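Trainee: Shown below is the structure under consideration.
Throughout, read-outs are computed from the coordinates displayed, never taken from laboratory work. Predicted, not measured: the structure shown is a model, and the values here were computed from it. Here the Cβ positions follow ideal geometry from the backbone for every residue, glycine too, while neighbour counts run over all protein chains shown.
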Amino acid sequence: MPTPSPATLPIRRLTHRDLTACADLSEDRGWPREEHKWGLLLTAGTGYGIDDPDGGLVSACVVTEYGPHGRPVLGAVGMVLVAERHARQGVGRRLMRHVVSAMGTTPLTLHATEYGRPLYEELGFKTTGRAEMVRGRFTGGDVRPDGMTRAATAEDLAAIVKLDQEVFGADRTHILARLPAFADQVRVAEENGRIIGYAAAWPNMDTHVVGPLIARDTETAKALVTSLAACTDRPLRTDVDVRHEELLAWLKARGLASVGFNAVMTYGIAELPGDWSRRFAPLTVAAG
């Protein structure tokens, strides 16, 4: 019996039980397996996928919704993957159309590579920004964390959520509540007892990814990165909004090098909500 065409295979919801299949799909396309990240996305977001009759997944993606439960104000689309053996057959287009339809009137955002951008443009996404990925060993020399930052505690969660909603433009409580278990470090910056920024470093293969990075200004962002770097011997990686030129130059001067760029795209809104001047880096490009 011939294998059914991917165009006729049903699209279903993915769950945490699909984590290994999602990691296998990442590996199939030459990406790292990133099981730690997949685990967060599949529990905090909504996964969509197409099963391969021969085993594994034909395609997958995850949408992370933000805002009041049941009434999201923004959806972040990420981890859009199609197995190599099913590439260039319209599978990714079909899956994305399903996602756009399922999300109804909810505005969407995603980070797109140059390879993926034409598909998203065809579906109506517009490029509204740009992020630069930098990676390397942080060489701060004699730079040491100042007294502005400290490790976050459970008592800080309410203040972090409040600040984050103001800066991000939507409620991310369900993600931030998972951050202490997901990240190896979460730190806050304080002034006169008030939290003016926070950042996390979470493990991804051989690196620590810095994100989210929310800060009152560039100096506060630098202090947070320095304090995170002081507590890890892994290379750092982060994705910085290119409008934050001073932070990018500072990171490159301290050992991180440019890896590439992603287009920040939106659907249904002209630009992302919130305050970009205090939003330096996403938790992950897959979840915004």
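Trainee: Multiplying the sequence separation of residue 218 and residue 261 by 0.36 nm and subtracting their Cα-Cα distance, what value in nm do you get? Let's see the in-between values first.
Mentor: Values: separation 43, 0.36 × 43 = 15.48 nm, distance 2.06 nm.
Gain on stretching residue 218 to residue 261: 13.4 nm.
Trainee: Report ³J(HN,Hα) in whole Hz for each residue of the stretch 40-45, in order, from the Karplus equation J = 6.51 cos²θ - 1.76 cosθ + 1.60 where θ = phi - 60°; Gly and Pro get x.
Mentor: Values, residue by residue: 5, 5, 6, 9, 8, x Hz.
Trainee: Treat every Asp and Glu Cβ in the stretch 164-288 as -1 and every Lys and Arg Cβ as +1, leave all other atoms uncharged, and give the resulting dipole magnitude about the Cα centre to the nearest 20 debye.
Mentor: Details: 13 positive and 16 negative charges, 43 e Å.
In total the dipole reaches around 200 debye.
Trainee: Just going by the charge dipole of the chain, with Lys and Arg at +1 and Asp and Glu at -1 on Cβ, which of 159, 173, 200 is farthest out on the positive end?
Mentor: 173
Trainee: Here is a further query. Shape of the stretch 5-91 from its Cα gyration tensor (a ≥ b ≥ c, root eigenvalues): rounded if a/c is under 1.5, otherwise prolate when a/b > b/c, or oblate? All intermediate terms of the calculation are to be shown ahead of the outcome.
Mentor: Working: a/c = 2.02, a/b = 1.50, b/c = 1.35.
Taking the square roots of the gyration eigenvalues as a ≥ b ≥ c, the stretch 5-91 is prolate.
Trainee: How would you rank 5-17, 54-66, highest first, on the average number of other Cβ atoms within 10 Å across their residues?
Mentor: Working: 5-17: 13.2, 54-66: 21.0.
Those peptides, ordered most packed to least, come out 54-66, 5-17.
Trainee: Select from 44, 66, 26 the residue farthest towards the positive end of the dipole of the stretch 24-96; place +1 on Cβ of Lys and Arg, -1 on Cβ of Asp and Glu, and compute about the Cα centre.
Mentor: 66
Trainee: Here is a further query. At a Cα cut-off below 18 Å, give the lysines reachable from residue 222, other chains included and same-chain residues fewer than 8 away excluded.
Mentor: Leaving aside lysines fewer than 8 places away in the same chain, those within reach of residue 222 are 252.
Trainee: How big is the gap, in Å, between the Cα center of the stretch 219-238 and the Cα center of the stretch 239-288?
Mentor: Here the two parts' Cα centres lie 16 Å apart.
Trainee: What number, in percent, do you get for the relative contact order of the stretch 1-88 if the mean sequence gap of Cα pairs under 8 Å and at least 6 apart is divided by its residue count?
Mentor: Numbers: 138 pairs, mean separation 23.8, N = 88.
Computed value for the stretch 1-88: 27 percent relative contact order.
Trainee: Identify all aspartates and glutamates with a Cα-Cα distance to residue 162 below 19 Å; exclude those on the same chain that are fewer than 8 residues away in sequence.
Mentor: Of all the aspartates and glutamates, those that pass the test against residue 162 - Cα under 19 Å, at least 8 places apart if same chain - are 65, 171, 190, 191, 217, 275.
Trainee: Another one. At residue 271 and residue 114, where each label point lies 7 Å from the Cα along Cα→Cβ, what is the point-to-point distance in nanometres?
Mentor: It is 2.6 nm.
Trainee: Something else now. Ordered by residue, what ³J(HN,Hα) values in Hz, to whole numbers, does the stretch 49-59 give under the Karplus form 6.51 cos²θ - 1.76 cosθ + 1.60, where θ = phi - 60° and Gly and Pro are x?
Mentor: x, 10, 6, 8, x, 8, x, x, 10, 6, 7
Trainee: First check a/c for the stretch 1-152, with a ≥ b ≥ c the square roots of the eigenvalues of its C-alpha gyration tensor; if it is under 1.5, answer rounded, and if not, answer prolate when a/b is larger than b/c or oblate otherwise. Present the calculation step by step, with values, prior to reporting the outcome.
Mentor: Values: a/c = 1.86, a/b = 1.59, b/c = 1.17.
It comes out prolate by the Cα gyration axes.
Trainee: What do you get for the angle between helix 19-28 and the principal long axis of the chain? Use alpha-carbon atoms, 0 to 90 degrees, nearest ten.
Mentor: 80
Trainee: From the square roots a ≥ b ≥ c of the eigenvalues of the alpha-carbon gyration tensor of the stretch 76-133, which class results: rounded (a/c under 1.5), prolate (a/b over b/c), or oblate? Provide the component values of the computation, followed by the final result.
Mentor: Details: a/c = 1.87, a/b = 1.14, b/c = 1.64.
Note, shape of the stretch 76-133 comes out oblate.
Trainee: So how far apart, in nm, are the two label points at residue 20 and residue 242 if each is 7 Å from Cα heading toward Cβ?
Mentor: Calculated label separation equals 4.2 nm.
Trainee: Also, I was wondering about something else. May I ask for the distance between the Cα centers of the stretch 75-142 and the stretch 14-35, given as a whole number of Å?
Mentor: Cα centres, the stretch 75-142 to the stretch 14-35: 16 Å.
Trainee: Could you estimate the translational diffusion coefficient of the chain from the Stokes-Einstein equation, with Rh from the Kirkwood formula over C-alpha pairs, at 20 °C and 1.002 mPa s, in whole µm²/s?
Mentor: Numbers: Rh = 19.5 Å.
Using the Kirkwood radius from Cα pairs, D works out to 110 µm²/s.
Trainee: Where does each of 215-222, 100-107, 89-96 land if you order them by average Cβ count within 10 Å, highest first? Intermediate results must be reported in sequence, preceding the final value.
Mentor: Details: 215-222: 20.1, 100-107: 14.0, 89-96: 18.5.
Ranking, from highest mean packing down: 215-222, 89-96, 100-107.
Trainee: Compute the FRET efficiency between residue 150 and residue 102 as 1/(1 + (r/R0)^6), taking r as their Cβ-Cβ distance and R0 = 51 Å, and round to the nearest 0.05. Could you put the intermediate results ahead of the total?
Mentor: On the way: r = 42 Å, r/R0 = 0.81.
Efficiency for this residue pair is about 0.75.
Trainee: Would you please put 40-50, 70-80 in order of how densely packed they are, using the mean number of other Cβ atoms within 10 angstrom per residue and starting with the highest? Could the numbers behind the result be given before it?
Mentor: Numbers: 40-50: 21.3, 70-80: 19.7.
My ranking of the peptides, most packed first, is 40-50, 70-80.
Trainee: Let me have the relative contact order for the stretch 214-288, percent, based on Cα pairs under 8 Å that are six or more residues apart. Before the final figure, lay out each step's value.
Mentor: Values: 40 pairs, mean separation 36.4, N = 75.
That works out to 48 percent.
Trainee: OK, next. So for the chain, averaging the separation of alpha carbon pairs under 8 Å that are six or more residues apart and normalising by length, what relative contact order in percent results? Show your work: numbers first, answer last.
Mentor: Values: 571 pairs, mean separation 63.9, N = 288.
Result for the chain is 22 percent.
Trainee: To the nearest 10 degrees, how steep is helix 91-103 against the longest Cα principal axis of the chain, on a 0 to 90 scale?
Mentor: 70
Trainee: Add -39500 (n - 2.57) for each DSSP H run of 4 or more in the chain, then divide by its residues: what number comes out at 222 nm, to the nearest 500 deg cm²/dmol? Could you put the intermediate results ahead of the total?
Mentor: Details: 9 runs with 80 residues, N = 288.
Using -39500 (n - 2.57) per qualifying helix, the result is -8000 deg cm²/dmol.
Trainee: While we're looking at this one, here's another question. Which value, in debye to the nearest 20, describes the size of the charge dipole of the chain about its Cα centre when Lys and Arg Cβ atoms bear +1, Asp and Glu Cβ atoms bear -1, and nothing else is charged?
Mentor: 300
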